[in-house]
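Trainee: Handing you this structure, nothing more for now.
The values are calculated or read from the model by the stated rules, or taken from the named source; none is laboratory data. Bear in mind the structure is a predicted one, so any value in this text is a computation, not a measurement. With ideal geometry, Cβ positions are generated from the backbone for all residues, glycine too; neighbour counts draw on all protein chains shown.
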Amino acid sequence: MSANSSMMKINVEELESGMVTADNVIEPGTDRVLLLKDTVLDSVMIFNLKERYNVGEVYIKKAFSASTISQEMRTEINIHQSLSTLKNVFGSDEDKPLTDFSKEASKQITNVANDLITSLYADDNILLKMHQLQSYDDYTYKHCLRVAMMSVTIGKSLGLPRNKMHDLCEAALLHDLGKRTIDVDIIRKPGRLTDDEFAAIKKHPQNGYLLLRKNGGYTEEVMNAVLMHHEKFDGTGYPLGLKGGQITYLARIITVADVYDALTSNRPYRQPWSVAEAEEFMMGGANSHFDYDIIMAFLNAFAPYPVGENVLLSDGRKAVIVSNNTNVLRPVIKIVNASGSEGETIDLYNDFKYLTLSIKAVDRDGISGEN
Ligand SMILES: [Fe+2]
């Protein structure tokens with residue numbers, strides 16, 4: 001084909017997720033079409049073009065080259081592609097239980113981790129995107145993606161080095177892989193579990209660890225994080241009953257992300273908790289269930305009341321968030337009078353005369369205030 005001004009030919013080494021093909025991509029030496037024109041590239045496709053089919057150059061649309069699409073759009077595309085890759089790798093919960101985790105599957109997980117870390121470093125608005133991934137048919141792979149997004153965000157807040165971040169992201173993506181070895185009727189049972197059913201569920205950390213060990217391509221750090229993600233800081237977790245520093249750092253981060261996601265997700269038997277309710281619960285578990293420093297980094301990264309948010313107070317008044325305190329549930333607020341004019345500024349954490357005043361809810365309806 002002859003190139004025109006709306007496209008450019010680039011080396012496969014320069015391809016990035018989110019770029020769009022401007023022509024069919026043909027396997028070298030054959031006439032087999034590998035990708036059709038107008039395909040949005042993801043990391044798995046790029047990997048296959050490079051490593052599997054030895055494609056040299058590809059025509060891509062200029063308008064969609066990575067440098068011209070917004071970071072937000074790139075993150076959206078990335079999350080969408082990560083979700084479909086994870087679905088392929090994990091299978092749906094209704095599929096036959098997993099007995100094996102292949103090398104090909106682990107390569108795909110590595111690619112998803114690379115893409116997610118790149119997006120999460122560049123995009124701060126990840127909490128919203130994560131909540132958008134929540135749905136009633138909440139499969140294991142979706143939960144794993146959200147926990148990975150959140151774990152990386154906490155890791156970023158803790159200043160974790162990039163190489164550790166990769167292990168963290170892979171471990172978080174795979175933390176519940178072992179659930180796919182368990183009978184779906186137990187995993188998705190809406191009511192109370194029998195002792196035997198609960199014992200079966202509690203095997204998922206070991207089962208995930210064993211699948212990764214059999215795969216042979218994982219570091220101890222990644223495998224241990226999967227094994228220990230249900231341990232609790234005070235030693236009351238499972239499967240090993242480990243305490244404090246005996247639980248690896250990566251596992252302690254994933255635990256925080258895992259519990260937060262479980263609380264704020266839909267369950268067949270209960271409504272999701274609000275961000276503030278979940279964070280309050282988690283603050284209460286610092287030093288017992290969770291590592292205190294990690295909880296602080298988590299609260300820092302996911303302040304429930306961002307500056308500018310409209311809220312309803314326990315005394316019925318409305319206010320707007322001015323700034324956050326170390327206790328993110330008690331920020332500095334400015335009262336909004338019924339007329340819409342600004343009222344007094346109140347520091348809910350440091351001003352003791354307001355000890356009994358608290359934020360009741362986020363005021364999503366703005367003026368009407370009913371929610
Ligand atoms: Fe789990």
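Trainee: Given the criterion in the same structural domain as Thr75 (by TED's automatic domain parsing), away from the ligand (no atom under 16 Å from the Cβ) and either modelled with pLDDT of 85 or more or of a type in the set (D, E, K, R) (or both), identify the matching residue among Leu158, Leu127, Leu174.
Mentor: Leu158
Trainee: Another question, if that's okay. If only one of Ser43, Ser92, Ser17 is modelled with pLDDT under 80, surrounded by fewer than 18 Cβ atoms within 10 Å (Cβ to Cβ) and either farther than 24 Å from Arg162 by Cβ or outside the structural domain of Gly208 (by TED's automatic domain parsing) (or both), which one is it?
Mentor: Ser92
Trainee: Within the bounds of the range 211-219, is there any residue that is of a type in the set (Val, Ile, Thr), assigned by TED's automatic domain parsing to the domain that holds Glu277, surrounded by 21 or more Cβ atoms within 10 Å (Cβ to Cβ) and in contact with a helix residue (DSSP H, G or I) (Cβ under 9 Å, 6 or more places away or on another chain)?
Mentor: No - not one qualifying residue is present in the range 211-219.
Trainee: Does Lys203 fit the bill of being within 25 Å of Arg267 (Cβ to Cβ) and in the same structural domain as Asn114 (by TED's automatic domain parsing)?
Mentor: yes
Trainee: From the list Gly308, Gly285, Gly343, exactly one residue is on the phi > 0 side of the Ramachandran plot and not charged (D, E, K, R). Which is it?
Mentor: So the residue among Gly308, Gly285, Gly343 that is on the phi > 0 side of the Ramachandran plot and not charged (D, E, K, R) is Gly308.
Trainee: What is the one condition in (1) modelled with pLDDT of 90 or more; (2) in the same structural domain as Tyr249 (by TED's automatic domain parsing) that Glu280 does not satisfy?
Mentor: Going through the list (1) modelled with pLDDT of 90 or more; (2) in the same structural domain as Tyr249 (by TED's automatic domain parsing), Glu280 breaks only (1).
Trainee: With the checklist (1) within 16 Å of the ligand (Cβ to nearest atom); (2) assigned to a loop (DSSP other than H, G, I, E, B) in hand, flag the one item Ala262 doesn't pass.
Mentor: Going through (1) within 16 Å of the ligand (Cβ to nearest atom); (2) assigned to a loop (DSSP other than H, G, I, E, B) one by one, Ala262 breaks only (2).
Trainee: Select from the range 20-38 the residues that are surrounded by 17 or more Cβ atoms within 10 Å (Cβ to Cβ) and out of contact with any Lys or Arg (no Cβ under 7 Å at 6 or more places or on another chain) and list them in ascending order.
Mentor: Val25, Leu34, Leu35 - these are the residues of the range 20-38 that are surrounded by 17 or more Cβ atoms within 10 Å (Cβ to Cβ) and out of contact with any Lys or Arg (no Cβ under 7 Å at 6 or more places or on another chain).
Trainee: Got a sec? Which of Arg188, Arg192 is assigned by TED's automatic domain parsing to the domain that holds Leu86, within 16 Å of the ligand (Cβ to nearest atom), of a type outside the set (Val, Ile, Thr) and at pLDDT below 95?
Mentor: The unique qualifying residue is Arg188.
Trainee: If you don't mind, there's one more thing I want to ask. What number of residues in the range 221-250 are aliphatic (A, V, I, L, M) and within 11 Å of the ligand (Cβ to nearest atom)?
Mentor: 3
Trainee: Let me ask another. Looking at Ile295, Ile335, which is the one that is at negative phi and not assigned by TED's automatic domain parsing to the domain that holds Val222?
Mentor: Criteria check complete, one pass: Ile335.
Trainee: Kindly indicate the residue of the range 265-288 that is hydrophobic (A, V, I, L, M, F, W, C) and part of a helix (DSSP H, G or I) and also surrounded by the fewest Cβ atoms within 10 Å (Cβ to Cβ) among those meeting that condition.
Mentor: Ranking the candidates gives Phe281 first.
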